[in-house]
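Take a look at the structure set out below.
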Amino acid sequence: KNQTAGEWSYSAHANPTVADETYSTTAADQREFPRALPVWKAACLNCHDTHTVQGANRLLREATDSTNKPKTGGNPALEEACYACHDGGGNGTLNSTANVPDIKTDFTTAGNKHMPIKSSEQAAGSEVHDINSNFSDTWIACNTATSRCGKDLVEPRSNLGVGVLNNRHAECTDCHNPHRVIRAANGLPGVLSASNTSTDTRATHSHAATHSNAISGALRGTWGVEPTYTGTDFFSMPSSYTVKRGDPGGGTVTSNGCTAQGCDTTPGYVTREYQICLKCHSDYGYTDNNAFDADRPRLDSSAALTGINPDGGTNFTRYTNQAREFQPNESRNNTGADAAYQTNNKRSWHPVMAATGRLLNSGTSSRGISGTSPWLAPWSADVGTQTMYCTDCHGNSNASATSVVPDAGKPWGPHGSSNRFILKGDWGASKGDTDQSGSVTANFLCFKCHDKAVYTSRNDSGHRSGFYDGTNGKGNLHNYHVDRIQKLYCTWCHVAVPHGWKNKMLLVNLNDVGPEAGQTGSKEVAINGSSANYSNGPYYAKAKLKITAFSASGSWDLNNCGSAGKSGTSLIANSQGGTGNTGGTGKNWMTSTCNSPP
């Protein structure tokens, strides 16, 4: 292989500087290797065996679900070939696994939530994953003499779930190309060498002061998709997808880790982590008619796909289309909200695909407030210009209450977690800084990035979010509410799936409930008294907030909140009881509905 391209010679499995672990005597004898053979010298035979056990696909070594050692027969189980070494040393394959990421533990720990990697966890009941060079899909042709789709590990969309939801699956090579991965924080193009492909023992992405969403070496050379949009509001689906595949190859690398082509999405290969995730978590990987509770994959107990509702039964019944949610389009005056709520409003999204452009203190997209950033490092720097990873929120649960970096020895990546939805911290339909019993949630997900003091204490220490009143002297309104309400839940005011939304700052507005909750047009939800709230998954979970008019950031006051006073057919009866609205707009409404909430 071409060492400049790095498709094998400098991969983590072939680089002598990286793959210097040696086989144990037992494992070497079983494989008929010389004893103490370094991994890099075993080369292809690390993972492939020309006389592999019956049942394995693609000559993968020991890749069946047989529990015998050595294995005899069984059903295909691709992950078992990877677990031979990536298991924390449990199999005794290598003499040392100190620098080998332990992936198996995340997937196999009892009680962990994880993607359905075992055949028994997949709806089809067998390994559906199958790379292919003889198919043609909507956005890629893999049936020509020069397509080489097999080399790039590409699968047909039907294998991902389009038209056949039972085919949905997860395998190691859906996210990683083991022939191309390198041990480096940067997986973008560049001339490779023994030194710059052995710089990080966990091949982590960079969590530097200036954060990005560029791929790490662990994701180098895999395949993914980039959505194209023609619509602009929250309900606009991608109009098409571009398949990204191939090894990035060489090229000049600038000081910030980007190539001469820029930190963008134009190259034909994967450059961003989200491109890998979206091939399964969007309508590229399943049918979506963009209707409420439609034909997207199910999460609840009626589906063989997952078996149980990972949220514990609070109306999270289907996947959401993350290509639609994360669309980076500010879309002023066309957010997807009703026309009555467009002024001072804008689309919002976590910057997974692109930066928000909303600066802290200055510029045309300023939050309009003084004071320091309400985020923790590294998010507190370069506000509005940073991007982030899906794996900043999704991955193995970590102990730190103020960081998303995995615990020592743990890998990055959404392999498995003790938390629902493979999240790094606690998140639930009614949880904020306290859980349902009212006790403090020490490992709450949001506060790993957002400064907890800004939201849960009386003193903001000068840190200010856009929810601020500088006119009437109330200051940070998150802090102001702490003194007046016994506990706060994020989902009273913010959407329960915080990927992206039709309103600014991911704010719910029960004066304007629409297609996202199965409604035609815009309707107001009735909220009667302090004990009432509104749950209708996936976006509303114990929601309470009603906004009569959006304010510019930094200029909120009580008159922005309250019932719009709609009646008749435009009113949705609240499931907690009643069809009216207690109180009027502003202060009166807030006093009656937020005086002593549950």
inquiry  = Here is a list: ALA27, ALA14, ALA42. Which entry is in contact (Cβ under 8 Å) with a residue 12 or more places away in the chain, under 30 Å from THR391 (Cα atoms) and not acidic (Asp, Glu)?
reply    = ALA14
query = So, of the residues in region 114-125 that are over 26 Å from ASP426 (Cβ atoms) and in a helix (DSSP H, G or I), which turns out to be most open to solvent (accessible area, probe 1.4 Å)?
reply = SER120
message = Any residue at all in region 127-141 that's in a loop (DSSP other than H, G, I, E, B), modelled with pLDDT of 90 or more, crowded, with 16+ Cβ neighbours inside 10 Å and of a type in the set (Phe, Trp, Tyr)?
response = yes
query = Which one of these is open to solvent by 20 Å² or more (accessible area, probe 1.4 Å), farther than 15 Å from TYR23 by Cα and over 28 Å from the mean Cα position of the chain (by Cα): THR67, THR108?
reply = THR67
ask   = Out of the residues in region 186-202 that are surrounded by fewer than 21 Cβ atoms within 10 Å (Cβ to Cβ) and among the aliphatic types (A, V, I, L, M), which is farthest from VAL405 (Cα to Cα)?
value = VAL191
request  = For GLY111, work out the one condition from (1) in a loop (DSSP other than H, G, I, E, B); (2) free of Cβ contacts under 8 Å to residues at least 60 places away in the same chain it doesn't fulfil.
outcome  = (2)
Conditions (1) open to solvent by 30 Å² or more (accessible area, probe 1.4 Å); (2) modelled with pLDDT of 95 or more; number of the one not met by THR265 = (2)
task = Within region 27-57, count every residue that is closer than 16 Å to TYR83 by Cβ and either hydroxyl-bearing (Ser, Thr, Tyr) or out of contact with any Pro (no Cβ under 8 Å at 6 or more places or on another chain) (or both).
result = 7
message = Every residue in region 236-254 that is modelled with pLDDT under 85 and either open to solvent by 30 Å² or more (accessible area, probe 1.4 Å) or farther than 18 Å from GLY268 by Cβ (or both), please.
response = GLY250, GLY251, THR252, VAL253, THR254
query = Does ASN479 satisfy being assigned to a loop (DSSP other than H, G, I, E, B) and either free of Cβ contacts under 8 Å to residues at least 60 places away in the same chain or out of contact with any His (no Cβ under 7 Å at 6 or more places or on another chain) (or both)?
reply = no
inquiry  = Which numbered condition in (1) among the β-branched types (Val, Ile, Thr); (2) part of a loop (DSSP other than H, G, I, E, B); (3) at pLDDT 90 or above is the only one that THR364 fails?
reply    = (3)
request  = Scan region 3-24 and give yes if some residue there is over 22 Å from ASN99 (Cα atoms) and at pLDDT 95 or above, otherwise no.
outcome  = no
ask   = Yes or no: GLY74 among the small types (Gly, Ala, Ser) and closer than 23 Å to ALA170 by Cα?
value = yes
Complete set of residues in region 313-357 that are within 24 Å of GLU226 (Cβ to Cβ) and aromatic (Phe, Trp, Tyr) = TYR319, PHE326, TRP349
note = When region 315-341 is checked residue by residue, the ones that are more than 14 Å from TYR284 (Cβ to Cβ), open to solvent by less than 20 Å² (accessible area, probe 1.4 Å) and of a type in the set (A, V, I, L, M, F, W, C) are PHE316, ALA337
query = So is PRO76 over 26 Å from the mean Cα position of the chain (by Cα) and at negative phi or not?
reply = yes
task = Mind listing whichever residues of region 50-96 are part of a helix (DSSP H, G or I), free of Cβ contacts under 8 Å to residues at least 40 places away in the same chain and acidic (Asp, Glu)?
result = GLU80
task = Report, by residue number, each residue of region 452-492 that is over 25 Å from ALA532 (Cβ atoms), open to solvent by less than 40 Å² (accessible area, probe 1.4 Å) and under 28 Å from the mean Cα position of the chain (by Cα).
result = ALA453, VAL454, SER465, GLY466
inquiry  = Looking at ARG168 and the list (1) open to solvent by 50 Å² or more (accessible area, probe 1.4 Å); (2) more than 26 Å from ALA12 (Cβ to Cβ), which single condition is not satisfied?
reply    = (1)
ask   = Could we say that ALA170 is part of a loop (DSSP other than H, G, I, E, B) and touching a Pro at 6+ places or on another chain (Cβ under 8 Å) here?
value = yes
query = Residues in region 531-541: is at least one touching an Asp or Glu at 6+ places or on another chain (Cβ under 6 Å) and either buried (at least 24 other Cβ atoms within 10 Å of the Cβ) or not in a strand (DSSP E or B) (or both)?
reply = yes
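Residues are listed down the side, and each one gets a yes or a no for (1) within 19 Å of ALA12 (Cβ to Cβ); (2) out of contact with any helix residue (DSSP H, G or I) (no Cβ under 8 Å at 6 or more places or on another chain); (3) crowded, with 19+ Cβ neighbours inside 10 Å:
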{"position": "TYR23", "(1), (2), (3)": "yes, no, yes"}
{"position": "THR26", "(1), (2), (3)": "no, yes, no"}
{"position": "PRO38", "(1), (2), (3)": "yes, yes, no"}
{"position": "ALA43", "(1), (2), (3)": "yes, yes, no"}
{"position": "ASP49", "(1), (2), (3)": "no, no, no"}
{"position": "ASN57", "(1), (2), (3)": "no, no, no"}
{"position": "GLY89", "(1), (2), (3)": "yes, yes, no"}
query = Is it true that LYS504 is open to solvent by less than 20 Å² (accessible area, probe 1.4 Å), in contact with a strand residue (DSSP E or B) (Cβ under 6 Å, 6 or more places away or on another chain) and basic (Lys, Arg)?
reply = yes
task = Working only within region 498-548, note down all residues that are among the β-branched types (Val, Ile, Thr) and free of Cβ contacts under 8 Å to residues at least 60 places away in the same chain.
result = VAL508, VAL513, THR520, VAL525, THR548
ask   = How many residues does region 195-217 hold that are in contact with a strand residue (DSSP E or B) (Cβ under 8 Å, 6 or more places away or on another chain) and at pLDDT 85 or above?
value = 5
ask   = So which residues in region 488-520 are at pLDDT below 90 and touching a Gly at 6+ places or on another chain (Cβ under 6 Å)?
value = LEU488, TYR489, CYS490
Single residue of region 268-287 satisfying the filter (open to solvent by less than 20 Å² (accessible area, probe 1.4 Å) and of a type in the set (Val, Ile, Thr)) that is modelled with the highest pLDDT = ILE276
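The values are calculated or read from the model by the stated rules, or taken from the named source; none is laboratory data. Being a predicted model, the structure only gives us computed values, none of them experimental. So basically every Cβ, Gly included, is an ideal-geometry build from the backbone, and we count neighbours across all protein chains shown. The area values use the complete protein model at the heavy-atom level, side chains included, leaving out ligands, DNA and RNA. Shrake-Rupley method; radii C 1.70, N 1.55, O 1.52, S 1.80 Å.
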